[in-house]
Every structure is written in C-alpha cells, then in structure tokens.
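Bear in mind that the values in this text are calculations on the coordinates, not laboratory data. Since we're looking at a predicted model, the values are computed, not measured. Glycine gets a Cβ as well: all are built from the backbone with ideal geometry, and neighbour counts include every protein chain shown.
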Amino acid sequence: MRKPIVAGNWKMHNTVQESIALAKYIKDGIAGTEKTEIVLAPPFTALYSVSAVIKDTKISLASQNIFYEDKGAYTGEVAPGMIKDAGCTYAIIGHSERRKYFYERDEDVNLKVKKALATGLTPIVCVGETEEERVKDVTEFVVGVQVKKALFEINSLNNIVIAYEPVWAIGTGKVATPMEAEEVHRFIRGVLSEMYGSASTDIRILYGGSVTPENVGELIDMEDIDGALVGGASLKPDTFLGIIRKVSEKK
Ligand code: 13P
C-alpha cells in the first residue's frame with residue numbers, strides 16, 4: 001500500500017513571517033487527513049522557521065533544491081547536510097524550473113539524488129516533457145531518459161519519490177487529464193520495473209502541474225498516481241487544505 005503524499009512547492013514565494021503563518025494554518029487544519037502524508041517546501045530562508053512550526057506533527061519539510069557537494073567554495077549553493085540540519089527530510093531535485101533557468105542536466109540531477117540519499121534525505125525527483133515534446137509524441141522517450149539518468153548507479157528505490165510534472169501543465173492552468181497523467185505514471189513504473197523489479201510497485205509517483213481541489217480527485221483515482229506536487233495552489237491555505245482533504249477521502 002503506497003501512502004499518498006501531497007507536497008506544496010512554494011517556489012520563490014513567502015517571507016519568513018508569511019511562511020510561518022502559512023505553515024501554522026496548514027498545521028491547524030489537517031485533522032482527519034491521517035491517511036495522507038504532507039510535505040512543505042518553503043524557500044531556503046524559511047526552512048528552519050517552518051521546521052519549528054511543524055515539529056511533532058506529521059508534516060514533513062523539503063528543500064526545493066540541494067547541491068551535490070558536502071561543503072566548500074561553492075558560492076550561493078546549499079549543502080544537503082545544511083538542509084537536513086534545518087529540519088528537512090525531503091529534497092525536491094531536478095524541477096523543470098531548475099532545468100530551464102539554471103541549466104541543470106540529468107547528470108546534475110543524478111549527483112544530487114545520490115548525495116541526498118547519502119545524507120539521509122528523500123529525493124523527490126522531478127521529470128516531465130515540454131509541450132513541444134508532447135506534440136512530437138516523444139513524451140515516453142524523454143521521461144524514460146530522465147528517469148534512467150536520474151537514477152543512474154542507484155541500486156535501490158528505497159526512500160525515493162518521483163514527481164511527473166509535464167512542463168506544459170506547470171503554472172498554466174492546463175492540467176493533464178487523468179488518463180494522460182496515468183499513462184505516463186504507468187510508463188514510469190514500467191521503466192522502474194525493468195530497472196528494479198518488483199520494488200517498483202512500492203515507489204510513490206506524484207503528479208504535478210495545475211493541481212487544484214477540483215481536479216485532484218480524478219487524478220488520485222488513477223491506479224499509478226500516488227499524490228500531488230502542488231505549486232500555485234499550495235500558497236493558498238484553504239485551497240491546499242482542500243487538496244489534502246480530497247486526497248485523504250479518496251485513497
Ligand atoms: P503549479 O501547481 O503552479 O502548476 O506548479 C506545479 C509545480 O511546479 C510543483 O512543483
């Protein structure tokens with residue numbers, strides 16, 4: 001049985017005080033959602049403060065990125081150990097915005113996944129095709145390569161979460177239909193099954209891209225969709241709680 005996850009990626013939003021207020025609101029509103037795991041990914045500056053708010057609750061903390069070295073002269077980067085020290089147990093890795101604006105390659109994603117695992121952080125590895133790639137009908141090829149390269153030389157799927165986020169659905173309001181998403185999730189599970197055998201049945205694969213309380217129910221009904229990675233809607237407290245509740249009712 002795969003426990004569903006609803007993760008909120010706040011991206012580059014919220015001051016420390018705003019982050020604390022949002023985390024408190026969510027903490028106070030999650031009664032009755034025991035069946036769902038909740039992860040919050042505030043900006044780096046608010047990680048430690050949010051970790052204090054969610055201490056002793058079932059809410060977990062994620063960073064939105066990590067670097068793949070432990071320490072050193074890497075101006076502007078944040079080491080996995082520092083992330084963990086700030087209270088994180090998860091790290092989002094390879095988000096399409098990092099790939100697009102900061103030129104992260106699959107090789108970087110792989111180094112980061114390895115370092116996250118070595119540090120005791122659970123990576124949430126993001127993959128997904130662009131609109132152009134979908135139109136050209138190369139979605140499976142693109143996503144397959146991203147998955148294989150991200151997990152290169154990693155010999156167990158323990159403590160790994162995958163997020164399928166079609167780039168064309170991120171921040172656009174153009175959500176993938178449940179079937180479109182399910183097809184790619186099933187494909188990813190198939191790729192993992194070739195790589196890891198039966199362990200692939202336990203890995204959680206989240207969908208991300210314009211998720212709302214209105215569309216999450218149908219998505220989560222799909223067999224291979226194990227939760228949601230939510231951007232914009234995670235910044236609105238009641239909307240995010242609505243998504244969490246919907247997932248808890250369904251799975
Ligand atoms: P939106 O929910 O705003 O489309 O963003 C999805 C996302 O990128 C989560 O990581």
Item checked: Two-site FRET efficiency, Glu183 against Asp70, from Cβ-Cβ distance with R₀ of 41 Å, rounded to 0.05 -> 0.55
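Under a point-charge model restricted to the Cβ atoms of Lys and Arg (+1) and Asp and Glu (-1), what is the dipole moment magnitude of the stretch 1-143 relative to its Cα centre, in debye to the nearest 20? Walk me through the intermediate numbers first.
Details: 19 positive and 20 negative charges, 99 e Å.
In total the dipole reaches around 480 debye.
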Notebook entry, point to check: Which order do Ser156, Ser200 fall in if you start with the one that has the fewest other Cβ atoms within 10 Å?
Noted result: Ser156, Ser200
Note to self: Can you report the principal axis dimensions of the stretch 4-154 using only the alpha carbons, biggest first, rounded to whole angstrom?
What the structure shows: 45, 39, 27
Check: Any idea which of Trp10, Ala46, Ile92 is furthest toward the positive side of the dipole for the stretch 1-154, if Lys and Arg beta-carbons carry +1 and Asp and Glu beta-carbons -1?
Finding: Ala46
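State to the nearest 20 debye the size of the charge dipole of the chain about its Cα centre, where the only charges are +1 on K and R beta carbons and -1 on D and E beta carbons.
On the way: 30 positive and 35 negative charges, 137 e Å.
Here the size comes out at about 660 debye.
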Notebook entry, point to check: Got a sec? Which residues in the stretch 219-251 would a label at Arg2 touch, if it sits 7 Å along Cα→Cβ and we count backbone N under 15 Å?
Noted result: 219-229, 251
Notebook entry, point to check: How are the C-alpha pair distances of the stretch 142-251 spread across 5 Å bins, as whole percents from the shortest bin up?
Noted result: 2, 13, 23, 24, 17, 12, 7, 2, 0
Notebook entry, point to check: Using the count of nearby Cβ atoms within 10 Å as a rough guide to exposure, how do Lys250, Lys115 rank from fewest to most?
Noted result: Lys250, Lys115
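Once fully extended, how much extra length lies between Asp56 and Glu107, figured as 0.36 nm per residue of separation less the alpha-carbon to alpha-carbon distance? Mind dumping the intermediate values first?
Details: separation 51, 0.36 × 51 = 18.36 nm, distance 3.60 nm.
Answer, rounded to one decimal: 14.8 nm.
Among residues other than Trp168 whose Cβ falls under 12 Å from its Cβ, what is the net charge (Lys/Arg +1, Asp/Glu -1)? Present the calculation step by step, with values, prior to reporting the outcome.
Working: positive: Arg134, Lys174; negative: Glu129, Glu131, Glu132, Glu133, Glu165, Glu180.
That sum, taken over residues with Cβ under 12 Å, equals -4.
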Next item on the list: Only Cα pairs under 8 Å and at least 6 apart count here; give the relative contact order of the chain as a rounded whole percent.
Entry: 22 percent
Notebook entry, point to check: Along the charge dipole of the chain, Cβ charges K/R +1 and D/E -1, which of Thr139, Leu235, Ala176 sits furthest on the positive end?
Noted result: Leu235
Checklist line | Surface/4 of the Cα convex hull for the stretch 53-110, nm² | finding: 4.8 nm²
Item checked: Fluctuation leader among Ile30, Ile162, Ile92 - the chain, Gaussian network, Cα springs under 10 angstrom -> Ile30
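Using the structure shown, list the pairs from Lys148/Lys251; Lys84/Lys148; Lys114/Lys149; Lys3/Lys114; Lys35/Lys58 with a Cα-Cα distance above 20 Å, or answer none. List each step's numbers first, then the result.
Working: Lys148/Lys251 28 Å; Lys84/Lys148 26 Å; Lys114/Lys149 12 Å; Lys3/Lys114 23 Å; Lys35/Lys58 11 Å.
Flagged as over cut-off: Lys148/Lys251; Lys84/Lys148; Lys3/Lys114.
Starting from the Kirkwood radius over alpha-carbon pairs of the stretch 76-213, derive D by Stokes-Einstein at 20 °C in a medium of 1.002 mPa s and give it in µm² s⁻¹.
On the way: Rh = 15.4 Å.
D, rounded to a whole number, is 140 µm²/s.
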